[in-house]
Amino acid sequence: MEDASWPSHLDSIVEEFRDCFDSMERYELLFEYAKKHPSPLSLDEWNEENQVLGCQSRAHVKCSLDENGLFLLRAGADAQIVQGLMAITAIAVNGQSAIEVSKLSPKYVEEMGLKSSLTPSRANGFLNMFKRVVSEAEILSEV
Amino acid sequence: MALDIQAIRSDFPILSRILPNGKQLVYFDNAATSQKPKCVIDAMTKYYEQYNSNAHRANHTLADEATTALENAREKISQFFGTTPENLIYTSGATEAINLVSYGWARYNLKEGDVIVLTEMEHHADIVPWQELSKEKGIEVRYVPINNETFTLDMDAFEIAIEDASLVCVTHTSNVLGIRNPIEQIIEMSKEVGAHVLLDCAQGAPHEKIDFNNLGADFIAISAHKMAGPTGIGCLLAASERITEMGPFMTGGSMIKTVTTDGSTYQNGHTMFETGTPRIAEAIGWGAAVEWLSQFEMKDIHNHVHQIASWTGREMNKIPGIKIYGDPDNKNSSGAVSFLHETIQSQDLAFLLDEGGFAVRTGHHCAQPLMDALGVPSTNRASFWIYNTQEEVESFISHLKFICERFA
């Protein structure tokens, strides 16, 4: 994984979104990703400690290292758009080293044609969750 | 009289904006803030370009012009709200106005064991200041519940709650439900038991004539930015008797008579509560806004907004999965229509509406106790004002149906 880029195994997903006819088709595809990849965090694991604070929806992130010492992201959100983007982010980061994940930029979301999901004012949206993932990766890379 | 909506729209440059995705903006977030007519923008620009100066502080020409404009705006705004300049205290908005009552009146006049009555409908701005005061002074805070069927205040519970109350704080119109409370009855009942009344008119003032002296409330909080004025300014309308009972809230320049190293003495009246450099450009902008609004009858604005809100509510009710929180058909309701879809999460729905160019609000609307009472974490809210059109709501309903069919 290189800085300001994404892992190559995400290319086909980015391409799939890029090829959508319009933004509504793109969101439809994102909803499908959310449905195919529901939250790996069960509801009783949604707690204050892993909550991403905001005002519009509930979102939770749990990051750890697996038995091989590689990054494992588990995230859940009640908004399907956020859930879909986190599912794709999990595909991007899981199995990578924590240090690689700490350098990840959300550029792939922009390339997927979902730039509006990266607007900072979208309280408790994807960007807040993404920042949490990167910051937890930084901490885990120091372990 | 029917309003000429197209002529009104031409006063608002922003309404012709095309969004980055190529869609025409359809602005339905008026309960959060209204758009501003060109005359308001021009009045503020003219101040900065031609007579920007501090008010009440110097004898040069610019200072005189700035002071005159600031006080002329106070005159116009107070007249618009049926009172005198002496009863209008400029604040940053309704939030600061309510805090001013809490810090500047209640803290000086209420004591441990006194009772303040709120409702479940209140905006956080009319809850948190009272919770803080309660913690500090041991004041009891009571909440009047809403009826979940009618979305109106439970007036039987209200009658019980106000027994022995010192202060009753009620929103004129709910920012979530669009429900207008029976404020005349609330004032009368409160006065009968000797309680003072604070009305939060942040949502009410853009939709109906607020006649302070005739209403008989002790305090009224208003924000300019929801009624064509700029952000950063609002006012507290306060009865003369209550002003004499108030003490300093924020202290510093302008509000003093004398300052020595031994202590300070304070101005009387509204001047005591307007410390520091006034919000001069904002006051001038608000003055221009009320002048602009004065060309219309407020009841015509209400009727227009009610017509499109009630039509929208009826059409939403036909869409499978949509539930409305409020009663847009009620002739007293304002233009706020809160709704949820049973399977499309509110934030997702707002994103998808935004893709069509429709600006709606999503979230708890700074009314978490009301969300708890309704049993939901958030709602979507479309809120209309004077410049919104039937064509806009028709295209909104059409896009909403499309989303529900495709994403539910």
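For region B:315-347, which positions are in contact with a strand residue (DSSP E or B) (Cβ under 6 Å, 6 or more places away or on another chain) and hydrophobic (A, V, I, L, M, F, W, C)? I'd like the intermediate steps shown before the answer.
Start the filter on region B:315-347 by keeping residues that are in contact with a strand residue (DSSP E or B) (Cβ under 6 Å, 6 or more places away or on another chain), which leaves B:316, B:321-326, B:328, B:332, B:334-341, B:346-347.
Passing the criteria: B:Met316, B:Ile322, B:Ile324, B:Ala336, B:Val337, B:Phe339, B:Leu340.
Kindly evaluate B:Leu70 against the criterion of being surrounded by 15 or more Cβ atoms within 10 Å (Cβ to Cβ), assigned by TED's automatic domain parsing to the domain that holds B:Val337, touching a residue at least 12 places away in the same chain (Cβ under 8 Å) and of a type in the set (A, V, I, L, M). Give the derivation first.
Numbers: surrounded by 15 or more Cβ atoms within 10 Å (Cβ to Cβ): yes; assigned by TED's automatic domain parsing to the domain that holds B:Val337: no; touching a residue at least 12 places away in the same chain (Cβ under 8 Å): yes; of a type in the set (A, V, I, L, M): yes.
Answer is no for this residue.
Test each condition in (1) within 13 Å of chain A (Cβ to nearest Cβ); (2) closer than 30 Å to B:Ser294 by Cα; (3) crowded, with 24+ Cβ neighbours inside 10 Å for B:Asp348 and report the one that comes out false.
(2)
May I ask you to list the residues in region A:34-77 that are in a loop (DSSP other than H, G, I, E, B), crowded, with 19+ Cβ neighbours inside 10 Å, within 13 Å of the chain's Cα centre (by Cα) and of a type outside the set (A, V, I, L, M, F, W, C)?
A:Ser39
Can you name every residue in region A:87-117 that is more than 12 Å from the chain's Cα centre (by Cα), among the aliphatic types (A, V, I, L, M) and within 29 Å of B:Leu353 (Cβ to Cβ)?
Result: A:Met112, A:Leu114.
Restricting attention to region B:86-136, which residues are assigned to a strand (DSSP E or B) and β-branched (Val, Ile, Thr)? I'd like the intermediate steps shown before the answer.
Going through region B:86-136, the residues assigned to a strand (DSSP E or B) turn out to be B:88-91, B:115-119.
If the condition is that a residue be assigned to a strand (DSSP E or B) and β-branched (Val, Ile, Thr), then B:Ile89, B:Thr91, B:Val115, B:Ile116, B:Val117, B:Thr119 are the ones that fit.
Please indicate, with yes or no, whether at least one residue in region A:113-134 is within 14 Å of chain B (Cβ to nearest Cβ) and at pLDDT 90 or above. Lay out the reasoning, then the answer.
Our first condition is that a residue be within 14 Å of chain B (Cβ to nearest Cβ); within region A:113-134, this holds for A:113-119, A:121-129.
Retained after the next criterion (residues that are at pLDDT 90 or above): none.
Scanning region A:113-134 turns up no residue that is within 14 Å of chain B (Cβ to nearest Cβ) and at pLDDT 90 or above.
Counting just the residues of region B:238-278 that are in contact with a strand residue (DSSP E or B) (Cβ under 9 Å, 6 or more places away or on another chain) and aromatic (Phe, Trp, Tyr), which one comes out farthest from B:Ala55 (Cα to Cα)?
If we take residues in region B:238-278 being in contact with a strand residue (DSSP E or B) (Cβ under 9 Å, 6 or more places away or on another chain) and aromatic (Phe, Trp, Tyr), then B:Tyr266 is farthest from B:Ala55 (Cα to Cα).
I'd like to know if region B:304-324 contains one or more residues that are touching a residue at least 40 places away in the same chain (Cβ under 8 Å), part of a helix (DSSP H, G or I), within 30 Å of B:Asn72 (Cβ to Cβ) and in the same structural domain as B:Gly22 (by TED's automatic domain parsing).
The answer is yes, given that some residue of region B:304-324 is touching a residue at least 40 places away in the same chain (Cβ under 8 Å), part of a helix (DSSP H, G or I), within 30 Å of B:Asn72 (Cβ to Cβ) and in the same structural domain as B:Gly22 (by TED's automatic domain parsing).
Output the residues belonging to region A:10-33 that are in a helix (DSSP H, G or I) and away from chain B (no Cβ under 14 Å).
Let us first name the residues in region A:10-33 that are in a helix (DSSP H, G or I), namely A:10-18, A:23-33.
The answer is A:Leu10, A:Asp11, A:Ser12, A:Ile13, A:Val14, A:Glu15, A:Glu16, A:Phe17, A:Arg18.
Taking the condition of being within 14 Å of another protein chain (Cβ to nearest Cβ) and closer than 21 Å to A:Gln96 by Cβ, how many residues in region A:61-79 meet it?
Taking region A:61-79 first, the residues within 14 Å of another protein chain (Cβ to nearest Cβ) are A:76-79.
Still in the list and also closer than 21 Å to A:Gln96 by Cβ: A:76.
Residues that pass the stated criteria total 1.
Go through the residues of region B:229-241 one by one and say whether even a single one is free of Cβ contacts under 8 Å to residues at least 24 places away in the same chain, on the phi < 0 side of the Ramachandran plot and assigned by TED's automatic domain parsing to the domain that holds B:Leu153. Can you show your working first?
Let us first name the residues in region B:229-241 that are free of Cβ contacts under 8 Å to residues at least 24 places away in the same chain, namely B:241.
If we keep only those that are on the phi < 0 side of the Ramachandran plot as well, we get B:241.
Next, only the ones that are assigned by TED's automatic domain parsing to the domain that holds B:Leu153 stay: B:241.
Scanning region B:229-241 turns up at least one residue that is free of Cβ contacts under 8 Å to residues at least 24 places away in the same chain, on the phi < 0 side of the Ramachandran plot and assigned by TED's automatic domain parsing to the domain that holds B:Leu153.
Here is a check on your reading of the model: is B:Asn330 over 30 Å from B:Tyr143 (Cα atoms) and outside any helix (DSSP H, G or I)? Let's see the steps before the verdict.
Details: over 30 Å from B:Tyr143 (Cα atoms): no; outside any helix (DSSP H, G or I): yes.
So B:Asn330 does not fit the description; no.
Output the residues belonging to region B:359-373 that are among the hydrophobic types (A, V, I, L, M, F, W, C) and either in contact with an Asp or Glu (Cβ under 7 Å, 6 or more places away or on another chain) or buried (at least 22 other Cβ atoms within 10 Å of the Cβ) (or both).
Here is the first cut: in region B:359-373, the ones among the hydrophobic types (A, V, I, L, M, F, W, C) are B:359-360, B:366-367, B:370-371, B:373.
B:Ala359, B:Val360, B:Ala367, B:Leu370, B:Ala373, listed by residue number.
When B:Asp354 is evaluated against the numbered criteria (1) in contact with a Lys or Arg (Cβ under 8 Å, 6 or more places away or on another chain); (2) closer than 28 Å to B:Gly22 by Cβ; (3) within 13 Å of chain A (Cβ to nearest Cβ), which criterion, by number, is the only one it fails?
Failing condition for B:Asp354: (1).
Please work out which residue is nearest to the other protein chains (Cβ to nearest Cβ), limiting yourself to region B:357-390 and to residues that are part of a helix (DSSP H, G or I) and of a type in the set (A, V, I, L, M, F, W, C). Before the answer, list the steps.
At the first step, the residues of region B:357-390 found to be part of a helix (DSSP H, G or I) are B:368-374, B:390.
Next, only the ones that are of a type in the set (A, V, I, L, M, F, W, C) stay: B:370-371, B:373-374.
Numbers: B:Leu370: 14, B:Met371: 11, B:Ala373: 18, B:Leu374: 16 Å.
The qualifying residue nearest to the other protein chains (Cβ to nearest Cβ) is B:Met371.
Restricting attention to region B:333-356, which residues are outside any loop (DSSP other than H, G, I, E, B), closer than 27 Å to A:Glu32 by Cα and touching a helix residue (DSSP H, G or I) at 6+ places or on another chain (Cβ under 8 Å)?
Within region B:333-356, B:Phe339, B:Leu340, B:His341, B:Gln347, B:Asp348, B:Leu349, B:Phe351, B:Leu352, B:Leu353, B:Asp354, B:Glu355 meet the criteria.
Of the residues that make up region B:15-36, is at least one part of a helix (DSSP H, G or I), surrounded by 15 or more Cβ atoms within 10 Å (Cβ to Cβ) and out of contact with any Leu (no Cβ under 9 Å at 6 or more places or on another chain)?
We begin by selecting, within region B:15-36, every residue part of a helix (DSSP H, G or I); these are B:15-16.
Of the ones still in play, those that are also surrounded by 15 or more Cβ atoms within 10 Å (Cβ to Cβ) are B:15.
When the remaining residues are screened for being out of contact with any Leu (no Cβ under 9 Å at 6 or more places or on another chain), the result is none.
No: region B:15-36 contains no residue that is part of a helix (DSSP H, G or I), surrounded by 15 or more Cβ atoms within 10 Å (Cβ to Cβ) and out of contact with any Leu (no Cβ under 9 Å at 6 or more places or on another chain).
The values are calculated or read from the model by the stated rules, or taken from the named source; none is laboratory data. A quick note: this is a predicted structure, and the numbers were derived from the prediction, not measured. Cβ coordinates were reconstructed from backbone atoms using ideal geometry, including for glycine residues, and neighbour counts include every protein chain displayed.
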